[in-house]
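These notes are about the structure you will find just below.
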Amino acid sequence: MTKIEKYWFDFLKSHNMKEDTFYAGELSFENTDNASVEELALILCGKKKASTSALEAFELDNEKIPKSGSFYVLSDWNGEPKGVIQITDVTVLPFEDVTWEMAQKEGEDDSLESWRERYTDFFDYDSSIMGYEFSPSMPVVFECFQLMN
């Protein structure tokens with residue numbers, strides 16, 4: 001049994017949940033060690049409650065879009081389990097239609113403009129690696145979640 005699996009089963013036991021509770025998998029954030037540590041800290045302190053991804057990135061990776069109610073074990077850059085989140089809401093919409101009310105849930109920006117700048121930089125980088133094209137009308141997956149432990 002891996003560390004992640006053990007963490008998941010320990011979580012189920014400590015929350016009196018059934019062993020067949022749907023487990024969507026392991027989840028880590030960002031693409032560098034430092035950024036991953038910062039994102040994880042924001043989640044674990046309760047400040048970050050949402051995330052945004054390119055819809056096309058899911059399609060290119062043959063990954064399913066997360067569904068409300070799904071549980072994920074959060075891991076750090078080294079694959080160490082650090083917490084469990086549950087997806088509470090998933091919305092697919094054009095990047096340019098994300099509102100300030102939504103963006104605030106990510107807990108990282110002080111305005112919609114700064115959120116858009118940060119994500120434009122991220123999607124410019126991510127799209128160059130993944131092979132999709134970023135534009136303001138590009139569909140994104142906006143996920144809200146809650147920390148469970």
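The values are calculated or read from the model by the stated rules, or taken from the named source; none is laboratory data. These figures come from a predicted structure and were not determined experimentally. We place every Cβ from the backbone using ideal geometry, glycine too, and count neighbours over all the protein chains shown.
One table, with the values for the structure above:
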read-out: Qualifying residues in region 113-149 (those that are of a type outside the set (A, V, I, L, M), under 30 Å from W8 (Cα atoms) and touching a Ser or Thr at 6+ places or on another chain (Cβ under 8 Å)) - the one modelled with the lowest pLDDT; value: N149
read-out: Odd one out for W115 among (1) closer than 12 Å to A50 by Cα; (2) in a helix (DSSP H, G or I); (3) of a type in the set (F, W, Y); value: (1)
read-out: Among residues of region 36-54, those that are in contact (Cβ under 8 Å) with a residue 40 or more places away in the chain, under 21 Å from T120 (Cβ atoms) and not in a loop (DSSP other than H, G, I, E, B), counted; value: 7
read-out: Any pair with Cβ under 9 angstrom, 6 or more apart, that starts in region 108-123 at a residue that is among the basic types (K, R) and ends at one that is part of a helix (DSSP H, G or I) and modelled with pLDDT of 95 or more; value: R116/F95; R116/E96; R116/A103
read-out: Search result, residues across region 86-138 that are at positive phi and surrounded by 15 or more Cβ atoms within 10 Å (Cβ to Cβ); value: G107
read-out: Subset of region 5-51 [among the charged types (D, E, K, R) and closer than 24 Å to V141 by Cβ]; value: E26, E30, E38, E39, K47, K48, K49
read-out: Number of the exception - E38 against (1) over 30 Å from Y119 (Cβ atoms); (2) surrounded by 13 or more Cβ atoms within 10 Å (Cβ to Cβ); (3) among the acidic types (D, E); value: (1)
read-out: Search result, residues across region 126-149 that are assigned to a helix (DSSP H, G or I), touching a residue at least 60 places away in the same chain (Cβ under 8 Å) and farther than 26 Å from V84 by Cα; value: S127, M130
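Residues checked against (1) charged (D, E, K, R); (2) at pLDDT below 95; (3) assigned to a strand (DSSP E or B); (4) farther than 22 Å from D121 by Cα:
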site	(1), (2), (3), (4)
E56	yes, no, no, no
N62	no, yes, no, yes
P66	no, yes, no, yes
N78	no, yes, no, yes
K82	yes, yes, yes, yes
I87	no, no, yes, yes
L93	no, no, yes, no
E96	yes, no, no, no
